[in-house]
1. For region A:1-76, would you read off the P(r) tail past 14 Å as a percentage of all alpha carbon pairs?
2. Quick check: from the Cα gyration tensor, does region A:416-462 come out rounded (a/c under 1.5), prolate or oblate?
3. Farthest toward the dipole's positive end in chain A, which of A:Gln84, A:Trp391, A:Leu444, given Cβ charges of +1 (Lys, Arg) and -1 (Asp, Glu) about the Cα centre?
4. Compute the long axis of helix A:384-401 from its Cα atoms, compare it with the longest principal axis of the Cα atoms of chain A, and write down the angle in degrees, 0 to 90, nearest 10.
5. Let me check I've understood the local charge: for A:Leu19, count other residues with C-beta under 12 angstrom from its C-beta, Lys and Arg +1, Asp and Glu -1. What total comes out?
6. What is the total of Lys pairs in region A:271-401 with C-alpha atoms under 29 Å apart, excluding same-chain pairs fewer than 8 positions apart?
7. Using only helices, what value at 222 nm comes out for chain A when you add -39,500 (n - 2.57) per DSSP H run of length 4 or more and divide by the total residues, to the nearest 500 deg cm²/dmol?
8. Where does the Debye-calculated log10 I(q)/I(0) of region A:190-251 sit at q = 0.18, 0.20 Å⁻¹, using only Cα point scatterers of equal weight, no solvent?
Amino acid sequence: MALTLHDTLTREPRALTPLDGKTLRFYCCGPTVYGPAHIGNFRTFVAQDVFRRTLEMGGLPTLHVRNLTDVDDKTIRDSQKAGQTLADFTRYWTEKFHADCTALNLLPPHVEPSAVTHIPHQVRMIETLVQRGHAYTTGDGSVYFKVSSFGDYGRLSHLEDRELRLGATVASNATDSDEYSKDSLADFALWKARKPEDGENFWPSPWGEGRPGWHLECSAMALEYLGEDFDVHSGGVDLIFPHHENEIAQSCCATHGKFAHHWFHVTHLMVDGGKMSKSLGNLYTLEDLQKRGYSPAEVRYVLISGYYSAPLNFTFHSLDAARQALQKLAKFAKALGDAAKNDTLTPGPFQEAWDTLNNDLNVPGALGAMFGTINKTKPATLTVDEAQQAWSGLHFMLKALGLNLPAEAEEVEIPAEIIALAEARWQAKLAKDWPAADVARKELDAAGWVIKDSKDSYQVVKK
RNA sequence: GGCGGGGUAGCAAAGUGGUAAUGCACUGGUCUGCAAAACCGGUAUGCGCGGGUUCAAUUCCCGCCCCCGCCUCCA
């Protein structure tokens, strides 16, 4: 079945069918690599990953492009602060980002272009826009997009002219020297003339030395790798305006194509009921959470456990809940037995979960359906064939959601004194010396071990 | 003020014009010397507030309140 996804532009759910009939091509606005990404950033990237996985599990190949913003005000400023070249600085944070992505089980994009390595593409695009009368140069050697030259401006964000202040000129109250020469407040920079504080970070262009504006890079790279028309463009909700609005304007004006045909936006993550911010001390990175003992899989589970279009409230309690939920899934998988394992993945008894997922990427609904199936399936009563189908369906869904089950507790070396203590306790128990047995159990507990009794044997496991 | 997303059990979170999935937590039972583990159950007379439509609304309509985001380079 085809995935149906809500489209920000038309404001309705629409079935996704590839424009070229074969491959679903989509672009995601990637990170600015100037510091560690936080879990809010990853909510978006994880949602996009589930999107891609759902398409692919449904039999539709994808072409996934996600950029790296490695030149902008922040990367330049912070690289200088760090006393590094821009390239060294952004490489460091790019590697950090990739490590987090791998840990969170995100499929790497098929193409991951960086802004710095696509300057000529951006320059060419600006030239076209200037030639066509959609952009103008200013005295300092900057180039701006003329918003009033694009009639559809504002369609994505539904902002009216008066909100955009389209007609407003930059006359009296311009405080930012950077912007003093714009014709209209709504116009945005395509090319920013070189300034002293840019240091060594400038490139040649027909308008003089400088660097590209932020909005342009995504358009240029999308055009390069996906063409004038492609299926889906995605990012966080905060990018709708102005970033995506500007992308549409400059892309459509430069190519006369339609640019993205479908817009997929992910709502922000909240923490403790409010927004995440450094000043509130509630901004977490994956590393922060790992230091507190949570696994990336648990973080991923939390991030997908809310509907992508609704706010999701992140709490530590939800991480604990994720741990238990993953354990429950793992126990079910294990209970099906080794004989159930097989290579063909099909939804099988998890069809309802799969259908739910395809209905606008309803992950929480899909998870609910999965547990529903699990709760009514008694592994012990299944035939081998039924168990195989259950195993297949479970793993089909896990793959679509990108969830890796926690590994079974590895065989840990049990210290001799623990074995001795456990044995002593077992003997005390057999002798019905309950006080002694309880003392031994308490000592084991203090040492971090737990006894699991069964009929006529016991197990010691690490807490 | 404009635009958008939300307000469902202790927490998190689906869903529906006919009487509320799921996970966690809590709790009863089986088992156990007692626990743990496992398994079987239970837990929202109610879905922000007030009206309206309807045989029936949490679900549709109207009004209102509250939270979050964006409103010119924040996922």
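1. Result: 69 percent of Cα pairs exceed 14 Å.
2. The shape class here is oblate.
3. A:Leu444
4. 30 degrees
5. Once positives and negatives cancel, what remains is -1.
6. 22
7. Here the helix-only value at 222 nm equals -13000 deg cm²/dmol.
8. -0.74, -0.84
Each reported figure results from applying straightforward, stated rules to the coordinates on display, with no laboratory input. The shown structure was predicted, so the numbers you read here are calculated from the model rather than taken from an experiment. Neighbour counts run over all protein chains shown; Cβ positions are idealised from the backbone, glycine included.
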